[in-house]
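Engineer: So that we are looking at the same thing, I have put the structure below in structure tokens.
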Amino acid sequence: MNRPSLPASPAPAPRHYVSVIGAGRADEALYETARELGRGLAQAGYVVVCGGLGGVMEAAARGAHEAGGTAIGLLPSHERGSANAYLDFVLTTGLGEARNVVVASSGDVVVAIGGEYGTLSEIGLAAKIGRPVVLLDSWRLDHTVREPGKTESASPQGVPGGPPAEPARGPSSIAYASSVEEALSLVRAHLSS
């Protein structure tokens, strides 16, 4: 059976994904910060990826939704009913907290807003696999190398006395933002390089 050939359509432009991580409960100020970030990411054409639940995750998805963007939620359970209402796509993982590695690895850049220990694990996982991380009102990290008898802080270029850091990995891949605008600027810089 011969099928009529369809006209070739241009390949869609590649889209960048940005994972937004943070606590499942957020006060009003943190919620609005995450909502503004989600809106800015969507307006820039980025897909927002999050853990799919409440707090910072809901706020980022809401901002993206309100700006006409796309938000993807990666749930820790098998139940779609736990997802927030602003997601375009909901993926259940059944992985519990282990889904943090999926959230961290799904973004081309990871932005942390506030957060607790789950967020800290995602920050570490993202840095470990080479994803740039932007911290906004989040953890302040001091990457320290400990050898028997001495402690040294790492410089942004790498570990003192060791080999230079690989590009986009380790301590040099973690940046701090003091505003949503600065976080968006850092995301754009990472994605344009």
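Engineer: Being farther than 23 Å from residue 135 by Cα, out of contact with any helix residue (DSSP H, G or I) (no Cβ under 7 Å at 6 or more places or on another chain) and outside any helix (DSSP H, G or I): is that true of residue 94 here? Break it down stepwise before answering.
Structural biologist: Numbers: farther than 23 Å from residue 135 by Cα: yes; out of contact with any helix residue (DSSP H, G or I) (no Cβ under 7 Å at 6 or more places or on another chain): yes; outside any helix (DSSP H, G or I): yes.
Here the answer is yes, as residue 94 does meet what is asked.
Engineer: Can you pull out the strands (runs of 3 or more DSSP E) entirely within segment 103-193 that have at least 1 residues that are surrounded by 14 or more Cβ atoms within 10 Å (Cβ to Cβ), modelled with pLDDT of 95 or more and in contact with a helix residue (DSSP H, G or I) (Cβ under 7 Å, 6 or more places away or on another chain)? Working first, answer last.
Structural biologist: On the way: elements: 109-113, 133-136, 144-147, 150-153, 174-177.
Where strands (runs of 3 or more DSSP E) fall fully within segment 103-193 and carry at least 1 residues being surrounded by 14 or more Cβ atoms within 10 Å (Cβ to Cβ), modelled with pLDDT of 95 or more and in contact with a helix residue (DSSP H, G or I) (Cβ under 7 Å, 6 or more places away or on another chain), they are 109-113, 133-136, 174-177.
Engineer: Going residue by residue through segment 25-48, is there one that turns out to be under 20 Å from residue 138 (Cα atoms), in contact with a strand residue (DSSP E or B) (Cβ under 7 Å, 6 or more places away or on another chain), in contact (Cβ under 8 Å) with a residue 60 or more places away in the chain and in a strand (DSSP E or B)?
Structural biologist: Step one: filter segment 25-48 for residues under 20 Å from residue 138 (Cα atoms), giving 25-41, 48.
Applying the additional criterion that residues be in contact with a strand residue (DSSP E or B) (Cβ under 7 Å, 6 or more places away or on another chain) yields 30, 33-34, 37-38, 41, 48.
Next cut, in contact (Cβ under 8 Å) with a residue 60 or more places away in the chain only: 30, 33-34, 37, 41.
Subset that is in a strand (DSSP E or B): none.
Scanning segment 25-48 turns up no residue that is under 20 Å from residue 138 (Cα atoms), in contact with a strand residue (DSSP E or B) (Cβ under 7 Å, 6 or more places away or on another chain), in contact (Cβ under 8 Å) with a residue 60 or more places away in the chain and in a strand (DSSP E or B).
Engineer: Related question: Can you find even one residue in segment 67-90 that is within 21 Å of residue 182 (Cα to Cα) and crowded, with 21+ Cβ neighbours inside 10 Å? Spell out how you get there, then give the answer.
Structural biologist: Residues of segment 67-90 that are within 21 Å of residue 182 (Cα to Cα), as a first pass: 67, 69.
Next, from what is left, pick out any that are crowded, with 21+ Cβ neighbours inside 10 Å: 69.
The answer is yes; a qualifying residue exists.
Engineer: Tell me yes or no: at least one residue of segment 77-86 is outside any helix (DSSP H, G or I), in contact with a Leu (Cβ under 8 Å, 6 or more places away or on another chain), free of Cβ contacts under 8 Å to residues at least 24 places away in the same chain and of a type in the set (Ser, Thr, Tyr). It would help to see each step written out before you state the result.
Structural biologist: From segment 77-86, those outside any helix (DSSP H, G or I) are 77-79, 83-86; that's our starting set.
From the residues that got through so far, the ones that are in contact with a Leu (Cβ under 8 Å, 6 or more places away or on another chain) too are 83-84.
From what is left, the residues that are free of Cβ contacts under 8 Å to residues at least 24 places away in the same chain are none.
Scanning segment 77-86 turns up no residue that is outside any helix (DSSP H, G or I), in contact with a Leu (Cβ under 8 Å, 6 or more places away or on another chain), free of Cβ contacts under 8 Å to residues at least 24 places away in the same chain and of a type in the set (Ser, Thr, Tyr).
The values are calculated or read from the model by the stated rules, or taken from the named source; none is laboratory data. Remember, it's a predicted structure, so these values are computed and weren't measured experimentally. Heads up, the Cβs are rebuilt from the backbone with ideal geometry, glycines too, and the neighbour counts pull from every protein chain shown.
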